1. State the answer as a single residue: which of PRO313, GLY127, ALA210 lies farthest towards the positive end of the charge dipole of the chain, with beta carbon charges of +1 for Lys and Arg and -1 for Asp and Glu, about the Cα centre.
2. Name the residue, out of PRO167, PRO187, PRO313, whose mean-square fluctuation peaks in a Gaussian network model built on the chain with Cα pairs under 10 Å.
3. Probe of 1.4 angstrom, ligands and nucleic acids ignored: what's the accessible area per residue over the range 84-144, in square angstrom?
4. Residue by residue, what Karplus-based ³J(HN,Hα) values in Hz, rounded to whole numbers, does the range 291-300 have, using 6.51, -1.76 and 1.60 with θ = phi - 60° and x for Gly and Pro?
5. Among DSSP beta bridges whose residues both lie in the chain, state the antiparallel percentage, nearest 5.
6. What is the distance, in nm, between label points placed 7 Å from the Cα along the Cα-to-Cβ direction at ASP202 and at GLN156?
7. Along its principal axes, what span do the Cα atoms of the range 22-67 show, with the longest given first and each in whole Å?
8. May I ask you to give the solvent-accessible area per residue for the range 183-294, in square angstrom, as obtained with a 1.4 angstrom probe?
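The values are calculated or read from the model by the stated rules, or taken from the named source; none is laboratory data. Computed from a prediction, not measured in an experiment: that's the story for all the values here. Virtual Cβ from ideal backbone geometry, glycine too; neighbours counted across all protein chains shown. To get the accessible areas, we keep the full protein, side chains included, count just its heavy atoms, and leave off ligands, DNA and RNA. Shrake-Rupley method; radii C 1.70, N 1.55, O 1.52, S 1.80 Å.
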Amino acid sequence: MINSHGQSHQAFDEFSHVLDPDVYEPLPDDWLVGITDVVNSTTAIRSGRYEDVNYAGASVIAALGNAWGSFDFPFVFRGDGAAFALPPQGIMAATSALRQVAGFARADLDLTLRIGLLTVREIRTSGRDVRIARYAASENATYAMFTGGGLKWAEQQIKNGRYLVKPGRYATKPDLTGLSCDWTPFPSQRGEILSLLVEPRDHLSPEVFAAMAKRVLAVFDAAPRQSHPLPGGIPTDGDSGKQVDAKGWSEVAANSDFRKFDDGLRLTLDCTREQIDKAEAILVPARARGEINFGLHRQSHALMTCLVPSDRPDSHLHFLDGMGGGYASAAEKMEEGALGDVVRHHAPSLRTQPARDHRRQEI
């Protein structure tokens, strides 16, 4: 059962368990779901502004938690944005924090942050759902996992201009206490930092997708430290030059979100080219069968954005993404794959009616 903080009673310490659709529980109808993303994030990333994009994405989580007075609500960091859920009494705090963050992103980071807010009930009327499970990355850090297709549907509606929260004037800065991006990027130790997104098609059963996702995950889990993108050795903080001891660094690595389930797999990994080839050998045929879509992006370094919640500093959270495009670039390639499927499906009509443009409009 989901409690007032959007948490089920059990948190799973094995990531493979949250691939099982049976462990997820529905959120109440009157709960709010919020989605944010940086508009044209790939352009900003290509110009070297990957830290700004990640900071804007994570700032939503920090601002909401500080405004709400607690970080015990479901959320997921997506690289260039975030998704979250709050009980209905959080609407004022959420709306205010979202507007403040959008103003901050525009004024201080020169980025446009698209923000949307709707209820779980509105998502369910579309035939999708929002269900959550909890993954205990460590003893002190627990992350929410989402399934049901509701976040994916809501994101597309918001990109189409529905459920938008209009940014307010940048008068009050959001409270971003605890948020930092101080670590220098972490180079790959095994060959590639991989950003991988894998989503099921609407008609695919959750059980079939879970089985396929477990096969992909097993490829990367077979490597040392489960292909964790953070180094085993102790790095130096990029801005302050401070050092952490071995125990402290071990806790940072353990509390990181390099594996997530957010209406599909969302992974940031340090892996070999052979591992990527093995994963593609599973994913490419599944996409050809119309079961899934996926996007992957390779880069040389990983990037970490840190959040130390004011209410529970021991549960410090560390959000990971790829430095050279990360999740945003993987999502772009996933969109290209979906567009390719549309073009291939409509190829005969394209040849017989060349004057018409059958390409899907991009937002």
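1. Checking the options against the dipole of the chain, the answer is GLY127.
2. PRO313
3. In whole numbers, the range 84-144 has 39 Å² accessible per residue.
4. 8, 9, 10, 8, x, 10, 9, 9, 8, 8
5. Restricted to the chain, the bridges split so that about 90 percent are antiparallel.
6. 0.6
7. That gives 41, 28, 18 Å along the principal axes, largest extent first.
8. It amounts to 42 Å² per residue over the range 183-294.
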